[in-house]
Structures are given as C-alpha cells and as structure tokens.
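Remarks on the structure that follows.
The values are calculated or read from the model by the stated rules, or taken from the named source; none is laboratory data. Quantities reported herein were computed from a predicted structural model and do not represent experimental measurements. Note that we place each Cβ from the backbone using ideal geometry, even for glycine, and neighbour counts take in every protein chain shown. Calculation scope for accessible area: heavy atoms of the full protein, side chains included, ligands and nucleic acids excluded. Shrake-Rupley method; radii C 1.70, N 1.55, O 1.52, S 1.80 Å.
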Amino acid sequence: LDALVAGDAVTALGLLPVATNGASDVLLNPDVYAQAVHPDGYTITSENAGSDSSTVSASVDIDGTAHTMEFLVAQGADASTWTLVEGPVSAIRVGDVRLVPSINSVPVDLSAVAPGSVLPALPGTYEFAAPVGNQLLTFGGAQAATASADSSSGGAAVDFTGTLSDAGRTAAVDAVRSRVESCMLSDQF
C-alpha cells in the first residue's frame, strides 16, 4: 500500500504477482503509473488471520473516494516472513482506444488493444488523451477512468468514437447534395 501511495509501480509489482500479456499491460508501465492519480492514503479495516495465511481488507482513498481492497498473504518458510499472494490488481474496461496517443501524458502505443479489452492496472485514476482528429472528424476531449476493485465489470470506462465536426457535417451534406443533383440531371437509371 505504501508503494501504491508513492506511485511506485516497480515496488508494487515486485510484491504483487501479475500476469502480463503485452500491449494490454500499458497501465502497469511505471512511468504511466507514476503520473496517475494514485491512492493518497489507506486504512487497514480488518484482518482475518489463519494458521498459514491471512486476509487483510483496506480502505484505499483515490481522488477523494474510498475503495475497499483485499489482500491475501501467506506465511513463508519461517514464521517471521509473509508473502503477498493476491492483491489489488484492478482493471479498466476500454472501448476503442487504438488511436490514443498518451496516458497520463506518457506516450503509448495502443494500436494492438482490441475494443472491449480489459487492461490490468494498479489502483488509481488514469487520463487517456483523446486521439488527434482532423478538420472533419473529432474525438472529443480526454477521458479519465479509475481502476478499482469493480472497474473491470460493466461497460467501457474509456471509449473514443469519432464524430463529424461541424465542417465534417457540412462536407457530408454538400457531398450528398452534389450527388443527388448530378443524378437529377442524368437520363440514365
């Protein structure tokens, strides 16, 4: 928890076993996490100790909101050491983010991330920069999503769908009118 509060992904991931699978691990990147709105505090709320393992619950504050997280620790070979077995690896479900140029102002390549993917993440809030549009197409502004215990369920937290700008709508209407006018002048079916 101290590593999460410090924004130290390297230490947190060194303690917590996380399965990695390539492009979808972008939110686990230490530079991306260092710039995220990571937890700003925590309180241990309960502990359920067994003979060789223990479950610890904590309330973790992220951007002013408390999130409950659970950790499973197991006793090591000697009675004085404990190992983190399961912990707060969260995830963010995304829609189409293939054109996103950066997350938390860190350049990323999400071209291989399929819409509907679930990106593993350490607890925190991540800001996805909007794809760069053009004169005819816009993607809106940046979108932020918080990785917490329940952020991987439900609909996409981040999704960039291109929409026509005012100039794009004007160009589309003009193109249709031009086509209709040329058809009206034709004597061919």
Legend entry - Residue, modelled with the highest pLDDT, within region 157-171, restricted to residues that are open to solvent by 50 Å² or more (accessible area, probe 1.4 Å) and out of contact with any Ser or Thr (no Cβ under 7 Å at 6 or more places or on another chain): Asp159
Inset, instruction - State which residue is most open to solvent (accessible area, probe 1.4 Å) when the search covers only region 48-70 and only residues that are within 27 Å of the chain's Cα centre (by Cα) and of a type in the set (Ser, Thr, Tyr). - result: Thr68
Inset, instruction - Could you give me the residue pairs with C-beta distances under 9 Å whose first residue belongs to region 29-40 and is under 10 Å from Ala147 (Cα atoms), whose second residue is in a helix (DSSP H, G or I) wherever it lies, and which are 6+ apart or on separate chains? - result: His38/Leu4; His38/Val5; His38/Ala6; His38/Ala9
Inset, instruction - Specify the residue that is surrounded by the most Cβ atoms within 10 Å (Cβ to Cβ); the eligible residues are those in region 36-47 that are more than 19 Å from Gly14 (Cα to Cα) and touching a helix residue (DSSP H, G or I) at 6+ places or on another chain (Cβ under 8 Å). - result: Tyr42
Inset, instruction - State yes or no: is Leu27 surrounded by 12 or more Cβ atoms within 10 Å (Cβ to Cβ), at pLDDT 85 or above and closer than 15 Å to Tyr126 by Cβ? - result: yes
